[in-house]
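First up is the structure itself, then whatever we jot down about it.
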Amino acid sequence: MATYKKRGYKPKTKKEKEVVVEENSTTAEVFNTLDEGASKTEEWFVKNQNYIVGVIAAVALIVLGYLGYNKFIAEPQEKEAMNEMYTAKKYFEDAANGISSDSLYLMAIEGGEGKFGMKDIAKEYSSTPAGNLANYYAGMAYLNLKDYQNAITYLSDFSSEDKMLGPISKGGIGDAFVQLEQLPEALEYYEKAFKANVNDFTTPMYLLKAARVAMDLGENQKALDYLKRIKTEFDSSTEAGQVDVLIGKVEASL
């Protein structure tokens, strides 16, 4: 067991001297090992200093490039795209409110008054959030104009985590496939729509649409599951008032 020795203590016996020599030897060995490790580390840095400096410079360039892109390119582009979108969005909203719907939906897509329409905004500002949103407006406008292929194209290019726009865009694709009589694809997108976000508005709406398409496809058990989910989870929804008749119809066919 190690014993405490006062500073300046001198060993008296042969055994104590041997202990001191051993301790000094061990300490020297430790410091030599540390010196060797530090020397090797220093040698490695010297040998690879060009590589290290290159990596640091590359990282710095990436960070500065990212910050510069956001400040001098992305932010001005987004502002410009939103300014362009203002008129096209007004056309869309007026059309949705029933004001000269077809002509205004078309102007929302193609543009007017010297301003871009949603189609051009989606193309010219594709890297911006406004460009992404333009795909949604263009797709929904095409859907209302009964141009179902273009509706599918633009809505497919739109992505959003928004609890309303996300499901509605998927459901819009489902609606377009129904009109094109592509029922398996319609069912797929209705299912994506009600799974995209669970809420009291879009979920029961797309569950009911999915159930109706499933019935047309002869997938009665799936239809029954969707209808019962509306009845149990969304009993206060508008759709819940329609499911009892449909449930009876599906159960009779099973």
Q | Environment charge of Y226, counting only residues whose C-beta is closer than 15 Å and scoring Lys/Arg +1, Asp/Glu -1 | A | -1
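Determine, for each peptide in 207-214, 83-90, 128-135, the mean count of other beta carbons within 10 angstrom over its residues, then list the peptides with the highest first.
Values: 207-214: 24.8, 83-90: 18.2, 128-135: 21.8.
For the peptides 207-214, 83-90, 128-135, the packing ranking is 207-214, 128-135, 83-90.
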Q. Semi-axes of the stretch 75-186's equivalent ellipsoid from the Cα gyration tensor, sqrt of 5 times each eigenvalue, largest first, rounded to whole Å?
A. 23, 17, 11
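Taking all protein chains as present, what is the carbon and sulfur share of the accessible area of the stretch 159-254, in % to the nearest whole number, probe 1.4 Å? Mind dumping the intermediate values first?
Details: 2390 of 4940 Å².
Whole-percent figure for carbon plus sulfur exposure: 48.
Which order do you get for D147, D102 if you rank them by accessible area with a 1.4 Å probe, largest at the top? Intermediate results must be reported in sequence, preceding the final value.
Numbers: D147 55, D102 100 Å².
My answer, sorted largest first, is D102, D147.
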Q) Given a Förster radius of 30 Å and the C-beta distance between S126 and M164 as r, what FRET efficiency does 1/(1 + (r/R0)^6) yield to the nearest 0.05? A) 0.85
Q | Global form of the stretch 146-203, assessed from the alpha-carbon gyration tensor, a/c cut-off 1.5 | A | oblate
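Could you order the peptides 186-196, 113-123 from most to least packed, using the average number of other C-beta atoms within 10 Å per residue? Can you show the working numbers first?
Numbers: 186-196: 22.5, 113-123: 19.6.
Result, highest mean Cβ count within 10 Å first: 186-196, 113-123.
Based on alpha-carbon positions alone, could you give the equivalent ellipsoid semi-axes of the stretch 95-150 from the gyration tensor, as √(5λ), descending, whole Å?
Details: eigenvalues 70, 34, 15 Å².
Whole-Å semi-axes of the equivalent ellipsoid: 19, 13, 9.
Longer than 22 Å from Cα to Cα, which of K79/K163; K90/K209; K163/K222; K170/K222; K89/K209 are they? Say none if no pair is. Can you show the working numbers first?
Values: K79/K163 24 Å; K90/K209 30 Å; K163/K222 24 Å; K170/K222 19 Å; K89/K209 28 Å.
In this structure, K79/K163; K90/K209; K163/K222; K89/K209 exceed 22 Å between Cα atoms.
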Q. In whole Å, how far is the Cα centre of the stretch 185-206 from that of the stretch 214-254?
A. 14
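The values are calculated or read from the model by the stated rules, or taken from the named source; none is laboratory data. As the structure is a prediction and not an experimental result, all values here were calculated from the model. Here the Cβ is made from the backbone with ideal geometry for all residues, glycine too, and neighbour counts use every protein chain on show. Each accessible area value is taken on the protein alone, full model and side chains, heavy atoms only, with ligands, DNA and RNA left out. Shrake-Rupley method; radii C 1.70, N 1.55, O 1.52, S 1.80 Å.
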